[in-house]
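Reviewing the structure listed below.
The values are calculated or read from the model by the stated rules, or taken from the named source; none is laboratory data. Small disclaimer: the values here were computed from a predicted structure and weren't measured. Quick reminder, even Gly has a Cβ in these numbers, built from the backbone with ideal geometry, and neighbours come from all protein chains shown. All accessible areas refer to the heavy atoms of the entire protein, side chains included, with ligands and DNA or RNA removed. Shrake-Rupley method; radii C 1.70, N 1.55, O 1.52, S 1.80 Å.
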Amino acid sequence: MQILVVEDDQALAAGLCTALRRQNYAVNTVSSGKQALHVIRTETPDITILDLGLPDMDGIEVLKQARSEQPSLQILVLTARSHIDQKIIGLDSGADDYLAKPFEIPELLARLRVLERRLGTATSTEIIVGEVTLDTATNRVLLQGDELELSRREFMLLRSLMENVGRVQSRNTLETRLYSWGEEVASNALEVHVHNLRKKLGSDFIKTVRGVGYRVNQP
Ligand code: CA
């Protein structure tokens, strides 16, 4: 799951990044409306967290443009509590949810999980595919009821596949969900993670779709 944080308050942006990465999200940040629209156009994230108080553009304008260009992008708007009217305008302008500052990180995470469920095929925090159960709230994976030890990337990869059960996920999509900008990615990194997951989950849980990517199927 890739999240774009649009926030000009550097301390808040850095704090959000740390908290979200700890929850196994790939996170990128920009600090202006123009940069946000550029990223949304060129490498659309799954979810955008958009602060409405930006230095260069009215956040509502950013929201409207992002919404008109990327209808399926999930957008969570951040507003100052003193600007609560922005909530109404924001929701009318196409925000999927909003949060007033200051907010608690657990509340933000809960809201994000709701948005994520709209994106994928999953309907609760627990995703069950065959004998594998993955819980997006606790970050635990069970195989036939036994907990598996997965690395952070293995978990992110498995989660992306299980959230989209039955759909092929391209290599490119999976890589953008696993890595933030500027991270060194070896060209075979994805294959290595798939290989390791197959050792833990059995060789046919993750199917290779030649020349395209990977998929898991509901048996
Ligand atoms: Ca701001």
- Contour excess over end-to-end distance, with Cα ends at residue 22 and residue 85 and 0.36 nm allotted per residue: 19.4 nm
- Compare the peptides 30-36, 107-113, 72-78 by average per-residue count of other Cβ atoms within 10 angstrom and give them in order, highest first. 72-78, 30-36, 107-113
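Taking every DSSP beta bridge that has both residues in region 1-119, what percent is antiparallel when rounded to the nearest 5? Please list the in-between numbers first.
On the way: 1 of 20 bridges.
Close to 5 percent.
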- Item | Relative contact order computed over region 35-133 (Cα-Cα under 8 Å; 6+ residues apart), in percent | 23
- Here the convex hull volume per residue of region 2-119, taken over Cα atoms and given in Å³, is 89
- Report in % the part of the accessible area of region 126-216 that belongs to carbon and sulfur, leaving out ligands and nucleic acids; probe 1.4 Å. 46
- Please give the per residue accessible area of the chain, computed with a probe of 1.4 Å over protein heavy atoms only, in Å². 48
- Value of relative contact order over the chain, rounded to a whole percent, pairs C-alpha under 8 Å and six or more apart: 16
- Computed [θ] at 222 nm, helices only, for the chain once each DSSP H run of length n ≥ 4 contributes -39500 (n - 2.57): -12500 deg cm²/dmol
- Item | Under 22 Å from the Cα of residue 64 - lysines, other chains or at least 8 residues apart | 34, 87, 101
- Item | Quarter of Cα convex hull surface for the chain, i.e. mean projection, nm² | 12.0
- Item | Size descriptor, Kirkwood hydrodynamic radius, that averages inverse alpha-carbon separations across region 13-56, Å | 11.3
- For region 126-216: relative contact order, % (alpha-carbon pairs under 8 angstrom, 6 or more apart): 28
